[in-house]
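Student: Please see the structure below; I have some questions.
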Amino acid sequence: MADSFTSQIFRRMPVGRHPHTEEGLKRTIGLVQLIGFGVGATVGTGIFFVLTTAVPDAGPAVVVSFVIAAVTAGLTALCYAELAGSVPVSGSSYSYAYATLGEVVAMIVAACLLLEYGVSASAVAVGWSEYLNQLLDNLFGVEIPHDLSYAPEAGGIVNLPAMILVALCAMLLIRGASESATVNTIMVAIKVGVLVLFIAIAATGWDSDNLSDFAPFGVAGIQTASATIFFSYIGLDAVSTAGDEVKDPARTMPRAIIWSLVIVSTLYVAVALTAVAAQPWQDFEGQQAGLAQILENVTGSTWPSTVLAAGAVISIFSITLVVLYGQTRILFTMGRDRMLPPIFARVNPRTLTPVPNTIIVASVVALIAGFVPLEWLLDTVSIGTLVAFMVVAAGVIILRRRAPDLERTFRVPFYPVLPLLSIAACLYVITGLALVTWVVFLVWIAVVLAFYFSYGFKRSTLRRTTGDDEAVAP
């Protein structure tokens with residue numbers, strides 16, 4: 001009985017197909033739109049203020065820290081690219097874990113993804129009202145009242161702009177994936193344009209003397225800054241949530257992941273280099289709206305803060321849209337697998353989108369964004385993401401051993417060294433998280449596993465199709 005139970009909780013979804021094909025999403029997303037998803041979910045509020053935290057740790061050598069973080073993210077991105085080409089379905093690392101490590105591990109990864117996507121959507125929405133207020137003040141001299149811009153713990157009543165943002169994104173997602181992808185692509189082009197504008201203007205204030213004391217805190221400072229900067233790369237895995245709506249997913253998804261990484265890394269390194277060359281590194285600590293302030297110093301004008309605020313408003317809208325999309329598609333896949341109630345997999349026949357799923361997710365995210373302050377949300381996002389990243393790297397190794405002849409449209413080079421390095425890099429970062437974050441994470445995992453054993457274990461589609469009903473009574 002024990003062996004039977006163990007074999008059932010580690011049962012694996014067949015690679016390359018699902019035993020349920022009657023419920024499908026519409027394939028409307030092409031390569032450019034999918035790259036927009038990856039860039040849109042990654043280039044966000046982080047790059048607008050991460051330098052004020054990272055530069056005091058590393059000095060001008062923060063540029064090296066960005067490169068190290070890019071390499072770390074790149075190792076994970078390559079693993080995602082291989083699995084995206086081998087298991088080209090929606091669900092991101094949940095689906096990859098289901099195909100390689102088994103059902104109970106997939107449920108643990110799903111818990112991590114709920115933290116990464118659901119909580120991060122709330123977190124970025126909370127920050128939207130701050131930039132929106134700055135933009136409204138610069139343009140019209142008005143601000144949204146404090147009581148309506150902050151959660152109770154932050155001195156307000158409700159963060160109404162954050163809730164409105166989530167509602168707008170949900171409405172767009174309900175209309176259709178293609179429309180959402182098109183709007184996101186436009187917003188990504190705008191915010192990338194804002195960063196390119198920063199690079200061009202900041203470069204005119206280049207002062208080599210600012211780079212002379214390049215690494216004032218040595219290797220230790222560079223490593224500390226790398227750990228901080230790494231979280232600016234969270235979001236690259238959003239590409240892998242769209243497998244059921246991508247045209248030719250086995251080829252398109254790996255290419256989109258790699259192109260997203262290249263674009264994001266190039267922008268980040270260029271922004272960091274021009275920023276530290278235009279301003280002494282000692283001036284970054286505690287600086288508000290750092291990029292805008294640098295441009296004001298270089299140009300002697302106040303218009304850059306308006307441009308940067310507009311870029312941040314658009315950036316956060318784009319991130320919220322893509323992260324909500326990713327969350328709904330992960331839950332759609334879980335509902336289709338009967339690991340969640342079937343309502344999560346219900347598709348509207350007209351729009352071919354999971355409307356009930358989207359409404360449920362948006363409601364929960366909006367409530368968290370409206371009533372929970374930003375600082376309570378951030379660390380839980382980090383730990384969920386890092387665990388999911390490690391599972392993906394392990395999945396590459398396991399799938400290579402179990403299915404060596406499986407068709408792969410992309411292969412991780414220097415296997416198995418790069419997947420092992422990816423796991424090591426994630427472990428390095430995750431050990432720096434606070435103890436309280438681990439406690440919250442483990443309690444959350446216990447709650448999700450309790451739900452799995454009371455619901456998903458008995459009802460999963462895979463159990464019904466493999467005849468496990470006869471082994472253990474429902």
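The values are calculated or read from the model by the stated rules, or taken from the named source; none is laboratory data. Given the structure is predicted, the values throughout are model-derived calculations rather than measurements. Heads up, the Cβs are rebuilt from the backbone with ideal geometry, glycines too, and the neighbour counts pull from every protein chain shown.
Student: Looking at 333, 266, 328, which is the one that is in contact with a His (Cβ under 9 Å, 6 or more places away or on another chain) and of a type in the set (Val, Ile, Thr)? Spell out how you get there, then give the answer.
Tutor: Numbers: 266 fails: in contact with a His (Cβ under 9 Å, 6 or more places away or on another chain); 328 fails: in contact with a His (Cβ under 9 Å, 6 or more places away or on another chain).
Among 333, 266, 328, only 333 is in contact with a His (Cβ under 9 Å, 6 or more places away or on another chain) and of a type in the set (Val, Ile, Thr).
Student: Checking the conditions here, which among 305, 318 is out of contact with any Asp or Glu (no Cβ under 8 Å at 6 or more places or on another chain) and touching a residue at least 60 places away in the same chain (Cβ under 8 Å)?
Tutor: Exactly one residue qualifies, and that residue is 318.
Student: Could you tell me whether residue 96 is modelled with pLDDT of 80 or more and either within 16 Å of the chain's Cα centre (by Cα) or of a type in the set (Ser, Thr, Tyr) (or both)? Even if it seems obvious, please write down each step before you answer.
Tutor: Details: modelled with pLDDT of 80 or more: yes; either within 16 Å of the chain's Cα centre (by Cα) or of a type in the set (Ser, Thr, Tyr) (or both): yes.
Yes: the conditions hold for residue 96.
Student: Return yes when residue 338 is surrounded by fewer than 23 Cβ atoms within 10 Å (Cβ to Cβ), on the phi < 0 side of the Ramachandran plot and not in a helix (DSSP H, G or I) and no when it is not. Talk me through it step by step, then tell me what you get.
Tutor: On the way: surrounded by fewer than 23 Cβ atoms within 10 Å (Cβ to Cβ): yes; on the phi < 0 side of the Ramachandran plot: no; not in a helix (DSSP H, G or I): yes.
So residue 338 fails the test.
Student: Shifting gears a bit: Kindly indicate whether any position in the range 373-396 is crowded, with 20+ Cβ neighbours inside 10 Å and touching a strand residue (DSSP E or B) at 6+ places or on another chain (Cβ under 7 Å).
Tutor: no
Student: I would also like to ask the following. What number goes with the only condition from (1) touching a strand residue (DSSP E or B) at 6+ places or on another chain (Cβ under 8 Å); (2) modelled with pLDDT of 85 or more that residue 264 does not pass?
Tutor: Failed condition: (1).
Student: Additional query: Can you find a residue in the range 335-351 that is more than 30 Å from residue 74 (Cα to Cα) and at pLDDT below 80?
Tutor: Looking through the range 335-351, at least one residue is more than 30 Å from residue 74 (Cα to Cα) and at pLDDT below 80.
Student: Could you figure out which of (1) out of contact with any Pro (no Cβ under 9 Å at 6 or more places or on another chain); (2) over 18 Å from residue 62 (Cα atoms); (3) touching a residue at least 40 places away in the same chain (Cβ under 8 Å) isn't true of residue 262?
Tutor: Answer for residue 262: the failing condition is (3).
Student: Just checking, how many residues over the range 32-62 are out of contact with any Asp or Glu (no Cβ under 9 Å at 6 or more places or on another chain), part of a helix (DSSP H, G or I) and either surrounded by 24 or more Cβ atoms within 10 Å (Cβ to Cβ) or at pLDDT 75 or above (or both)? Show your work before the answer.
Tutor: Initial filter on the range 32-62 (out of contact with any Asp or Glu (no Cβ under 9 Å at 6 or more places or on another chain)): 32-37, 39-40, 42-51, 54, 57-58, 61-62.
Then keep just the ones that are part of a helix (DSSP H, G or I); that gives 32-37, 39-40, 42, 45-49, 51, 54, 57-58, 61-62.
From what's left, either surrounded by 24 or more Cβ atoms within 10 Å (Cβ to Cβ) or at pLDDT 75 or above (or both): 32-37, 39-40, 42, 47-48, 51, 54, 57-58, 61-62.
Matching residues across the range 32-62 total 17.
Student: Please enumerate the residues belonging to the range 249-306 that are among the polar types (S, T, N, Q) and more than 30 Å from residue 86 (Cα to Cα). Before you say what the answer is, go through the steps one by one.
Tutor: First, the residues of the range 249-306 that are among the polar types (S, T, N, Q): 252, 260, 265-266, 274, 279, 282, 287-288, 293, 297, 299, 301-302, 305-306.
Once the filter is applied, which keeps residues that are among the polar types (S, T, N, Q) and more than 30 Å from residue 86 (Cα to Cα), the range 249-306 yields 274, 279, 282, 287, 288, 293, 297, 299, 301, 302, 305, 306.
Student: Let me ask you something else. Pick from the range 12-27 the residues that are at pLDDT 60 or above and buried (at least 17 other Cβ atoms within 10 Å of the Cβ): which of them is nearest to residue 267 (Cα to Cα)?
Tutor: Keep residues of the range 12-27 that are at pLDDT 60 or above, which gives 12-15, 26-27.
Those still in the list that are buried (at least 17 other Cβ atoms within 10 Å of the Cβ) too: 12-13, 15, 27.
Details: 12: 39, 13: 38, 15: 36, 27: 30 Å.
By that ranking, first place goes to 27.
Student: Looking only at the range 163-185, which residues are within 14 Å of residue 40 (Cα to Cα) and at pLDDT 80 or above?
Tutor: 169
Student: Let me ask something else. I want to confirm something. Restricting to the range 270-285 and keeping residues that are surrounded by fewer than 18 Cβ atoms within 10 Å (Cβ to Cβ) and touching a helix residue (DSSP H, G or I) at 6+ places or on another chain (Cβ under 6 Å), which single residue is nearest to residue 200 (Cα to Cα)? It would help to see each step written out before you state the result.
Tutor: Taking the range 270-285 first, the residues surrounded by fewer than 18 Cβ atoms within 10 Å (Cβ to Cβ) are 280, 282-283, 285.
Subsequent filtering for residues that are touching a helix residue (DSSP H, G or I) at 6+ places or on another chain (Cβ under 6 Å) retains 280, 285.
Numbers: 280: 18, 285: 23 Å.
Looking at residues that are surrounded by fewer than 18 Cβ atoms within 10 Å (Cβ to Cβ) and touching a helix residue (DSSP H, G or I) at 6+ places or on another chain (Cβ under 6 Å), I get 280.
Student: Something else now. Go through (1) out of contact with any Leu (no Cβ under 7 Å at 6 or more places or on another chain); (2) surrounded by fewer than 24 Cβ atoms within 10 Å (Cβ to Cβ) and name the single condition residue 103 misses.
Tutor: The failed condition is (1).
Student: Additional query: Take the residues of the range 317-335 that are touching a Gly at 6+ places or on another chain (Cβ under 6 Å) and either aliphatic (A, V, I, L, M) or surrounded by fewer than 24 Cβ atoms within 10 Å (Cβ to Cβ) (or both): which is farthest from residue 114 (Cα to Cα)?
Tutor: Going residue by residue through the range 317-335, those that are touching a Gly at 6+ places or on another chain (Cβ under 6 Å) are 318-319, 322, 327, 330, 333.
Of the ones still in play, those that are also either aliphatic (A, V, I, L, M) or surrounded by fewer than 24 Cβ atoms within 10 Å (Cβ to Cβ) (or both) are 319, 322, 330.
Values: 319: 16, 322: 14, 330: 9 Å.
Going through the qualifying residues, I end up with 319.
Student: List the pairs whose first member sits in the range 452-474 and is of a type in the set (S, T, N, Q), whose second member is at pLDDT below 60 and not in a helix (DSSP H, G or I), and whose Cβ atoms are under 7 Å apart, counting only residues at least 6 apart or on separate chains?
Tutor: 461/19; 461/20; 465/19
Student: Still on this structure, I have one more. Out of curiosity, is residue 358 touching a helix residue (DSSP H, G or I) at 6+ places or on another chain (Cβ under 8 Å), under 16 Å from residue 174 (Cβ atoms) and in a loop (DSSP other than H, G, I, E, B)?
Tutor: Values: touching a helix residue (DSSP H, G or I) at 6+ places or on another chain (Cβ under 8 Å): yes; under 16 Å from residue 174 (Cβ atoms): yes; in a loop (DSSP other than H, G, I, E, B): no.
The answer is no for residue 358.
Student: Right, next: If you go through the range 133-175, how many residues are closer than 30 Å to residue 29 by Cα and surrounded by 17 or more Cβ atoms within 10 Å (Cβ to Cβ)?
Tutor: Number satisfying all stated conditions: 11.
Student: Kindly indicate the residue of the range 63-89 that is polar (S, T, N, Q) and buried (at least 24 other Cβ atoms within 10 Å of the Cβ) and also modelled with the highest pLDDT among those meeting that condition.
Tutor: Within the range 63-89, the first condition is being polar (S, T, N, Q), and the residues that meet it are 65, 72, 76, 86.
Subset that is buried (at least 24 other Cβ atoms within 10 Å of the Cβ): 65, 76, 86.
Working: 65: 88, 76: 85, 86: 78.
The qualifying residue modelled with the highest pLDDT is 65.
Student: Right, another one. Considering only residues of the range 123-155 that are without any contact (Cβ under 8 Å) to a residue 40 or more places away in the chain and in contact with a Ser or Thr (Cβ under 6 Å, 6 or more places away or on another chain), which is nearest to residue 247 (Cα to Cα)?
Tutor: Taking the range 123-155 and keeping what is without any contact (Cβ under 8 Å) to a residue 40 or more places away in the chain, we get 129-130, 133, 136-137, 140-149, 155.
Of the ones still in play, those that are also in contact with a Ser or Thr (Cβ under 6 Å, 6 or more places away or on another chain) are 129, 149.
Details: 129: 36, 149: 40 Å.
Among residues in the range 123-155 that are without any contact (Cβ under 8 Å) to a residue 40 or more places away in the chain and in contact with a Ser or Thr (Cβ under 6 Å, 6 or more places away or on another chain), the one nearest to residue 247 (Cα to Cα) is 129.
Student: On to the next question. Condition first: part of a helix (DSSP H, G or I) and under 13 Å from residue 13 (Cβ atoms). Now tell me which residues in the range 70-92 satisfy that. Don't jump to the end; show me each part of the working.
Tutor: Of the residues in the range 70-92, the ones part of a helix (DSSP H, G or I) are 70-86, 92.
Within the range 70-92, 83, 86 meet the criteria.
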